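A.B. asks: Before anything else, here's the structure in question.
Coordinate-derived values only; no laboratory data. Since the structure is predicted, the reported quantities are computational estimates derived from the model, not experimental observations. Here Cβ is always computed from backbone atoms with ideal geometry, including for glycine, and neighbour counts include all displayed protein chains.
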Amino acid sequence: MSVRIGFAASFVHPIALVLLFGIALSACMSRSVKIDPMILRAKFEEKIHDSFGQKREEMRARGAPPSEFDRLYHLLANARGRLPDIARSTRSAEFAIPGTESSLVHRATVLVQKRHVDFALEFLEKNLAEGRELHREAPRRLAEAAVLKSDLYAVKLEREHARQAILEAVALDGGWWEVHNRLGLYLITEHGKPDWDAAEREFKEAERLVERDEDRIAVLGNLGSYFQHRKLYTEAETRYREALLIGERTLGPEHPDLIGHLVDLADLLYATHRAREAEPLYRRAMAIYDKSSTAGFSCPGAVSVRNLAELLKAENHLDEAEPFMRRAVTLVERCEGRENPQTAFQLSSHAKLLLDMNRPAEAEPLYRHALAITKQSLGPEHPQVAVSLNNLAQLLFALQRLEEAEPLFRQALAIGEKTLGPEHPYVATYLDSLAQFLFTKNRFVEAEPLFRRALAIQEKTSGREHSQVAVQLNNLARCLFFLHRPLEAEPLYRRALAISEKSFGSEHPNIAPHLDNLAQLLSAKKRFSEAEPLYRRALAIDEKHFGREDPKVATHLNNVALLLQATGRNAEAEPMMHQAVLILLKSSLISGKIHPDLRKIFANYFWLSRSTGLGEIQIQWNLAGLRLEAGYTPDEWQKILESL
């Protein structure tokens with residue numbers, strides 16, 4: 001969710017000045033001083049950095065709880081997010097009107113530029129108090145100064161003072177749309193306890209009062225965010241599209257200020273399962289960002305790159321997603337800082353993508369870097385450290401470095417239970433991760449109670465029909481199946497399938513694993529006539545979603561072929577097993593790494609060929625045909641055979 005702040009163009013209008021506090025200060029107020037946005041931004045960034053560092057060190061010294069660090073980073077993100085708007089608000093203070101005395105806003109801005117934020121705040125505090133009595137006829141001018149005071153407190157990460165300054169602005173001029181817009185922002189960005197109902201009233205009052213189109217954009221964007229949070233998606237989309245249209249008309253189709261509006265609309269479309277509509281908006285935002293010489297002033301462009309990468313990943317376009325994800329790490333680091341939890345999160349996202357692409361060696365240093373940043377920024381026992389530990393453990397697990405993985409799984413679980421409580425959904429994730437690790441090591445008896453506990457937490461926190469409950473049911477059922485308790489496992493598999501079909505629809509790729517697992521149980525019980533349609537349905541789903549050459553399809557082809565072989569239909573099984581091997585051979589050649597399922601499926605193909613009565617010469621002939629179909633040179637093929 002992004003938030004927008006507008007400013008009236010009337011800052012340059014004169015107001016009667018109040019008493020100054022010192023001859024030296026008056027020298028800084030000269031009307032000849034030109035406001036430099038670059039200097040101002042540097043001053044604001046310096047103040048944010050210093051305030052953050054001081055507060056973080058003080059919190060570390062007294063052993064502050066994780067929730068305080070979360071709040072501090074929330075304040076940091078809000079302050080950085082307001083920088084572009086603060087910069088725009090001070091542009092109108094660039095010149096005082098000749099022949100008049102400059103406004104409070106102009107004079108405070110000069111103080112920031114020539115000295116620092118604290119001097120400007122002291123000036124505004126003093127002169128606003130005196131000006132309220134002396135200049136009741138100019139409430140708008142005083143309200144503008146109160147809004148600037150709020151911005152300056154925001155860059156000091158003093159949220160309560162910033163909020164009080166906005167309330168002061170509302171009291172000074174309740175007929176100004178901007179003060180209601182700003183108050184609405186404070187109400188929805190309050191960490192942990194946003195007041196959405198009060199925010200709606202403020203945004204709607206701002207919408208009623210606003211007159212200029214360029215100001216209306218800010219209100220529409222914030223109303224869109226409000227409606228999206230409330231899952232009123234039609235109302236949100238209407239506001240986002242109107243804001244974008246006004247922006248295009250008033251600013252031009254390639255103005256950097258459009259980036260945030262494009263990202264807002266794209267995020268909404270993606271969240272409502274309209275990825276095809278979202279993708280071109282992300283790409284357009286990214287193109288504007290790349291062309292703009294001023295886009296570095298804000299981070300929406302980085303968000304567009306990151307979200308496009310996530311969309312491509314979700315659509316299984318992993319090769320296309322990876323360079324965008326790599327670039328997103330650089331951009332987020334530039335926007336948020338190298339030791340920010342958001343940078344750690346982006347590193348983890350990139351690592352997860354590399355792991356999905358079967359490139360674990362590249363993923364490991366990213367996960368380790370993310371863990372180091374998280375520990376450094378949030379402390380060694382923060383809940384986010386547990387997430388990073390669990391991610392790294394999963395990677396080591398996938399690399400079969402089991403002795404390294406187990407203590408990390410257990411450490412993540414211990415931190416999660418200590419900081420979040422024993423029934424938190426994240427704890428269910430850590431329980432499930434450890435249980436799956438134990439399952440892989442054939443420690444089924446140890447895994448079962450962890451799977452059961454994870455299931456109980458998910459049912460309690462998410463409801464019995466939630467899609468995540470289906471995942472836990474599936475995992476527990478699989479454990480019971482390997483404990484030779486199929487009568488207990490089968491109803492769990494069927495319940496998991498029913499929940500997933502209800503959650504995602506009957507042809508969603510999330511359905512295929514549930515179909516496969518239930519079919520595997522039925523096959524083991526020799527109920528082949530029940531198992532076969534489930535295997536074939538799983539195959540059809542993944543062929544449709546991922547394409548006929550995807551490695552997931554090879555797994556389904558192998559399963560169907562084994563069932564056909566078990567029911568004496570070798571002639572039907574052979575071409576399916578042949579195709580499964582061919583898919584994995586091609587995938588291995590493209591990636592440069594042998595697919596982890598190739599050895600197993602290649603062995604299945606070899607023994608199927610033997611069981612059909614083929615002689616050694618015919619089998620070797622078939623293998624030579626596979627080499628040619630897959631595109632291997634003789635040397636590459638020899639290396640494959642040696643590895644198998």
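A.B. asks: Subtracting the Cα-Cα distance from 0.36 nm times the residue separation, let me have the gained length for Ala498 to Lys460 in nm, one decimal.
C.D. replies: Length gained, Ala498 through Lys460: 11.8 nm.
A.B. asks: Among Val427, Val179, which comes first, then next, by fewest other beta-carbon atoms within 10 Å?
C.D. replies: Val427, Val179
A.B. asks: Another question, then. Working from Cα positions, state the angle (0 to 90°, nearest 10) between the long axis of helix 383-398 and the longest principal axis of the chain.
C.D. replies: 30 degrees
A.B. asks: State to the nearest 20 debye the size of the charge dipole of the chain about its Cα centre, where the only charges are +1 on K and R beta carbons and -1 on D and E beta carbons.
C.D. replies: It works out to roughly 580 debye.
A.B. asks: Of Leu220, Met59, Ile86, which is farthest along the charge dipole of the chain in the positive direction, counting Lys and Arg as +1 and Asp and Glu as -1 at C-beta?
C.D. replies: It is Met59.
A.B. asks: What is the stretch 547-643's relative contact order, in percent, from Cα pairs under 8 angstrom and six or more apart in sequence?
C.D. replies: 25 percent
A.B. asks: May I pose another question? Using the alpha-carbon atoms, what tilt in degrees (0 to 90, nearest 10) does helix 444-462 show relative to the longest principal axis of the chain?
C.D. replies: 40 degrees
A.B. asks: Could you give the length gained on full extension between Arg485 and Arg368, defined as 0.36 nm per residue of separation minus the Cα-Cα distance, in nm?
C.D. replies: Result for the pair: 38.2 nm of gain on full extension.
A.B. asks: Determine, from the Cβ-Cβ distance of Lys600 and Ala198 and an R0 of 45 Å, the FRET efficiency 1/(1 + (r/R0)^6), rounded to the nearest 0.05.
C.D. replies: Approximately 0.15, to the nearest 0.05.
A.B. asks: Could you work out the pair-distance distribution P(r) of the chain from its alpha-carbon pairs, with 20 angstrom bin width and percents rounded to whole numbers?
C.D. replies: 16, 42, 28, 12, 3, 0
A.B. asks: Quick one: Debye curve from the C-alpha atoms of the stretch 373-526, no solvent, what's log10 I(q)/I(0) at q = 0.09, 0.10, 0.13 Å⁻¹?
C.D. replies: -0.31, -0.38, -0.63
A.B. asks: Among Val117, Val305, Phe439, pick out the residue whose Cα is farthest towards the positive end of the charge dipole of the chain, where Lys and Arg carry +1 and Asp and Glu carry -1 on C-beta, about the Cα centre.
C.D. replies: Phe439
A.B. asks: Got a sec? Charge dipole of the chain, +1 on Cβ for Lys and Arg, -1 for Asp and Glu; which of Pro323, Ala129, Phe345 is way out at the positive end?
C.D. replies: Of the options given, the answer is Phe345.
A.B. asks: Now for a different question. In degrees, nearest 10, range 0 to 90: what is the angle between the Cα axis of helix 616-630 and the longest Cα principal axis of the chain?
C.D. replies: 20 degrees
A.B. asks: Please list, in order, the residues from the stretch 562-590 whose amide nitrogen is less than 12 Å from a point placed 7 Å along the Cα→Cβ vector of Ala624.
C.D. replies: Answer for this model: none.
A.B. asks: Something else about it: What is the Cα radius of gyration of the stretch 547-643 over 2.2 N^0.38 Å, N being its residue count?
C.D. replies: Here the answer is 1.02, to two decimals.
A.B. asks: I would also like to ask the following. What is the extension gain from Thr250 to Leu318, computed as 0.36 nm multiplied by their sequence separation minus the C-alpha to C-alpha distance, in nm to one decimal?
C.D. replies: Length gained between Thr250 and Leu318: 20.7 nm.
A.B. asks: Note down the net charge around Ser591, summing +1 for each Lys or Arg and -1 for each Asp or Glu among other residues with Cβ under 11 Å from its Cβ.
C.D. replies: Cβ neighbours under 11 Å give a net charge of +2.
A.B. asks: Add -39500 (n - 2.57) for each DSSP H run of 4 or more in the chain, then divide by its residues: what number comes out at 222 nm, to the nearest 500 deg cm²/dmol?
C.D. replies: Dividing the helical sum by the residues of the chain leaves -25500 deg cm²/dmol.
A.B. asks: Something else now. Which ³J(HN,Hα) values in Hz, rounded to whole numbers, follow from the phi angles of the stretch 464-471 under the Karplus curve 6.51 cos²θ - 1.76 cosθ + 1.60, where θ = phi - 60° and Gly and Pro get x?
C.D. replies: 5, 9, 6, 4, 5, 5, 4, 4
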